[in-house]
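To start, the structure itself, in structure tokens.
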Amino acid sequence: MLIIMRPGARKVETQAVIARIESQGLAAHPIYGEEHTVIGAVGDGRPVNRDQFILMDGVDRVVPISRPFKLASREFSPQDSAFPLNGVSIDPGHVVIIAGPCSVESRSQILEAAHAVKEAGAHALRGGAFKPRTSPYSFQGMGEEGLELLAEAREQTGLPIVTEVMTPEQIPLIAKYADMLQIGARNMQNYSLLKAVGECERSVLIKRGLSSTIDELLMAAEYVLSKGNRRVVLCERGIRTFETATRNTTDINAIPVIKSQTHLPVILDPSHGTGHWEYVTAIARAGIAAGADGLMIEVHPDPDNALSDGGQSLKPERFAEMVLQVKAIAEAVGKKLAPIQ
Ligand code: PEP
Ligand code: MN
């Protein structure tokens, strides 16, 4: 439930409410707004008597949160979440573009990709160093060496780094190098991993599972939020359907649906959503038109020789053209590309 304090409620009154929430075995999640403080009280579903809060000093009202995902819900925070990613503003008025190769493959490859996407207008660099591959015989990523190369690319371009973490044990190493930790589609319901990134200082990007519902994606976000990490971005990346013409089916519906249910930013990955570079720009445009807060795009300087996902990777010049088109669509729906630092 939500305990909404009166405008101007005193600090001691808010503290008394938090203490009572905790004495009931519930977790208190305060949001200190400009006008008033709202405190989320989240338990394990056992009944709680609301009346004991209504009469407390400084309390305006107590309302239940009807959704199973509490902290992720719009009921908890009607305002869209906003936070900086190493200087890039992630907020509802701006479109953020994360771009780069599927995997870090070599020093020259990642540096060339980083400079190219920066020049085209990207805001952050992606690249996997630990790769979740369907086959154990496929390229598994460069590991820590890949992370070092990503850090060098950040140093040269200023772009924040987004990279995947596959196990809780990898978090301390990856968090040393990355600005945003990516939870891949295959790990969206890896609850120990979600809890562990919830306890870490880095922003988190959660990709929708291949066969996961929107509610399941929001419950994955809830795991991270419930551990205290509020810097969470959701990513629609296509789902499995009967269609075989594309690798996945981009669920464009998911964008306005997710945004109606949660205050968290939502981005679209049309590279995995389609699996073919030819369709990436069209679906990127569609995603922004549908209200996405950003895009994740695979870009490779030499897609024909990529070690993973070459067929869905844009060449740098095509990516630059995509950015121009996305900018026009963003402006048509009342947004702007996030400013470049
Ligand atoms: C990726 O971003 O390269 C990736 C593996 O994505 P997903 O987890 O969505 O398949
Ligand atoms: Mn990929």
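All of the numbers you see were taken from the coordinates with simple rules; none came from a lab. It should be emphasised that the depicted structure is a prediction, and the values quoted were computed from it without experimental measurement. Counting neighbours? That spans all protein chains shown, and the Cβs are built from the backbone with ideal geometry, glycine included.
So, in Å, what gap is there between the alpha-carbon centers of region 219-273 and region 293-341?
Centre-to-centre distance over Cα atoms comes out at 18 Å.
HN-Hα J couplings of region 129-141 from phi, Karplus 6.51/-1.76/1.60, θ = phi - 60°, integer Hz, Gly and Pro as x?
9, 10, 10, x, 9, 4, 9, x, 8, 7, 3, 9, x
I need Glu145, Glu75, Glu243, Glu105 ordered by Cβ neighbour count within 10 Å, fewest first.
The order, fewest Cβ neighbours first, is Glu243, Glu145, Glu75, Glu105.
Report the rotationally averaged projected area of region 166-255 based on its alpha-carbon convex hull, in square nanometres.
5.9 nm²
If you take the alpha carbon radius of gyration of region 83-337 and divide it by 2.2 N^0.38 Å, what ratio comes out, to two decimals?
Normalised by 2.2 N^0.38 Å, the Cα Rg of region 83-337 equals 0.90.
For the chain, what is the mean residue ellipticity at 222 nm derived from helices alone (per DSSP H run of n ≥ 4: -39500 (n - 2.57); sum divided by total residues; nearest 500 deg cm²/dmol)?
Roughly -10000 deg cm²/dmol at 222 nm, from the helical runs in the chain.
Relative to the present Cα-Cα distance, how much length would full extension add between Ser66 and Arg10 at 0.36 nm per residue of separation?
Extending this stretch completely gives an extra 17.3 nm.
Among Leu307, Leu193, Leu268, which one moves the most in a GNM of the chain with springs linking Cα atoms closer than 10 Å?
Ranking Leu307, Leu193, Leu268 by mean-square fluctuation puts Leu307 first.
According to the Kirkwood expression over distinct Cα-Cα pairs, how big is the hydrodynamic radius of region 26-80, in Å?
Taking the inverse mean of 1/r over all distinct Cα pairs, region 26-80 comes out at 12.3 Å.
Spelling out what I want: for every residue of region 234-250, take phi, set θ = phi - 60°, compute 6.51 cos²θ - 1.76 cosθ + 1.60 (Karplus), and round to whole Hz; glycine and proline get x.
Working through the residues one at a time gives 9, 9, 7, 9, x, 10, 6, 9, 6, 6, 10, 5, 10, 4, 9, 10, 5 Hz.
Using 30 Å as the Cα-Cα cut-off, could you pick out the over-long pairs in Lys176/Lys227; Lys70/Lys118; Lys176/Lys335; Lys118/Lys227; Lys11/Lys335; Lys195/Lys315?
Those over the limit are Lys70/Lys118; Lys176/Lys335; Lys118/Lys227; Lys11/Lys335; Lys195/Lys315.
Within the set of other residues whose C-beta is less than 10 Å from the C-beta of Gly93, count the net charge using Lys and Arg as +1 and Asp and Glu as -1.
-1
May I ask you to sort Ile252, Ile21, Ile98 by Cβ crowding, counting other Cβ atoms within 10 Å and putting the fewest first?
Fewest-to-most ranking of Ile252, Ile21, Ile98: Ile252, Ile21, Ile98.
Would you mind ranking Phe242, Phe83, Phe319, Phe76 by Cβ crowding within 10 Å, fewest neighbours first?
Lowest count first: Phe242, Phe83, Phe76, Phe319.
At a threshold of 8 angstrom on Cα-Cα distance, excluding pairs fewer than six apart, so keeping six or more, what relative contact order does region 2-63 reach in percent?
Relative contact order, region 2-63: 48 percent.
Averaging sequence separations of C-alpha pairs under 8 Å and six or more residues apart, then dividing by the length of region 83-337, give the relative contact order as a whole percent.
Relative CO of region 83-337 lands at 20 percent.
Quick one: which residues, 5 or more positions from Ser203 or on another chain, have an amide H under 5 Å from its amide H? H modelled 1.01 Å from N in the peptide plane, none for Pro or chain starts.
Leu181
Starting from the Cα of Lys207, draw a straight line to each of the aspartates and glutamates and keep only those under 16 Å, dropping any in the same chain fewer than 8 residues away.
Glu164, Asp215, Glu216, Glu222, Glu236, Asp251, Asp269, Asp293, Glu298
So how far, in whole Å, is the C-alpha centre of region 136-168 from the one of region 62-126?
Cα centres, region 136-168 to region 62-126: 17 Å.
May I ask what percent, to the nearest 5, of DSSP beta bridges between residues of the chain are antiparallel?
40 percent
When the gyration tensor of region 134-194 is built from Cα positions, what are the square roots of 5 times its three eigenvalues, in whole Å, from largest to smallest?
21, 15, 10
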